[in-house]
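The values are calculated or read from the model by the stated rules, or taken from the named source; none is laboratory data. Fair warning: this is a prediction, and the values are worked out from it, not measured in the lab. Don't worry about glycine lacking a Cβ; one is built from the backbone with ideal geometry, like all the others, and counts go over all protein chains shown. When the accessible area is computed, the model is the full protein with side chains, heavy atoms only, and any ligands, DNA or RNA have been set aside. Shrake-Rupley method; radii C 1.70, N 1.55, O 1.52, S 1.80 Å.
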Amino acid sequence: MMNYPVCYFFIFLAEAVILWQYASNLFDSRHSAWKRAAVLCGLYAVLFAASLFESRWLNMVLYLLAGFIFLVTQYRLNWRPAFFHAAVLTAVMALCELMVYSIIGHFTPHFLQNRGTLRNIALFAVFSKLIFFTLIYILTHMIKRGKKQQVQQDNSVLLLVSIPVSSLFICSHL
């Protein structure tokens with residue numbers, strides 16, 4: 001599956017840019033842009049190396065962990081909201097990928113058997129990351145609008161983490 005490392009480099013780059021955009025629009029940073037970029041590059045290098053094992057569950061858990069580490073170390077967030085936002089990003093990305101697999105698989109019956117070809121990797125990457133970016137962009141603006149209306153912090157955010165995590169689990173078994 002990792003026959004085209006340059007293509008996967010751009011996939012991981014798109015995911016990193018989306019995470020950066022999400023975090024930068026919602027949270028106050030603790031460090032300079034250079035330090036955030038260095039940490040993000042290091043985390044995504046680990047994600048890229050782990051993807052060579054071609055384990056969907058490992059990739060998903062490490063993506064969640066990388067997002068959490070990035071948010072909690074580079075932004076002024078406690079661990080609970082950082083974990084919640086990392087879980088939301090993970091769930092939205094997984095749902096976008098499942099949606100694109102489903103749609104493309106519906107119109108191209110042999111897509112899943114040939115998903116390792118450059119054409120299918122590029123088709124999947126472009127559509128899934130565009131949808132991911134669009135949904136995260138919309139979500140960012142909804143959260144920003146909600147923050148302006150919210151007066152006090154609600155500690156029930158930890159309970160909300162179960163929603164994207166359970167959705168991800170259910171969708172992965174379909």
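Details
- Leu64 of a type in the set (A, V, I, L, M), crowded, with 20+ Cβ neighbours inside 10 Å and either free of Cβ contacts under 8 Å to residues at least 40 places away in the same chain or under 19 Å from Leu130 (Cβ atoms) (or both): yes
- Breaking point among (1) part of a helix (DSSP H, G or I); (2) among the hydrophobic types (A, V, I, L, M, F, W, C); (3) surrounded by fewer than 20 Cβ atoms within 10 Å (Cβ to Cβ), for Phe70: (3)
- Yes/no for Ser51 being in contact with a strand residue (DSSP E or B) (Cβ under 6 Å, 6 or more places away or on another chain) and more than 21 Å from Ile138 (Cβ to Cβ): no
- Positions within the stretch 11-58 being outside any helix (DSSP H, G or I), open to solvent by 50 Å² or more (accessible area, probe 1.4 Å) and touching a residue at least 24 places away in the same chain (Cβ under 8 Å), in sequence order: Asp28, Arg30, His31, Leu52, Glu54
- Check on Ile104, within 17 Å of the chain's Cα centre (by Cα), in a helix (DSSP H, G or I), touching a residue at least 12 places away in the same chain (Cβ under 8 Å) and surrounded by fewer than 19 Cβ atoms within 10 Å (Cβ to Cβ): no
Yes or no, residue by residue, for (1) within 30 Å of Arg145 (Cβ to Cβ); (2) of a type in the set (Gly, Ala, Ser):
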| position | (1), (2) |
| --- | --- |
| Asn3 | no, no |
| Cys7 | no, no |
| Phe10 | no, no |
| Leu13 | yes, no |
| Tyr22 | yes, no |
| Phe27 | yes, no |
| Leu43 | yes, no |
| Ser51 | no, yes |
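- Residue under evaluation Val88, criteria (1) surrounded by 15 or more Cβ atoms within 10 Å (Cβ to Cβ); (2) under 17 Å from Cys7 (Cα atoms); (3) at pLDDT 90 or above; (4) out of contact with any Asp or Glu (no Cβ under 8 Å at 6 or more places or on another chain), criterion not met: (2)
- The stretch 113-144, subset open to solvent by 80 Å² or more (accessible area, probe 1.4 Å) and more than 22 Å from Thr90 (Cα to Cα), residue modelled with the lowest pLDDT: Gln113
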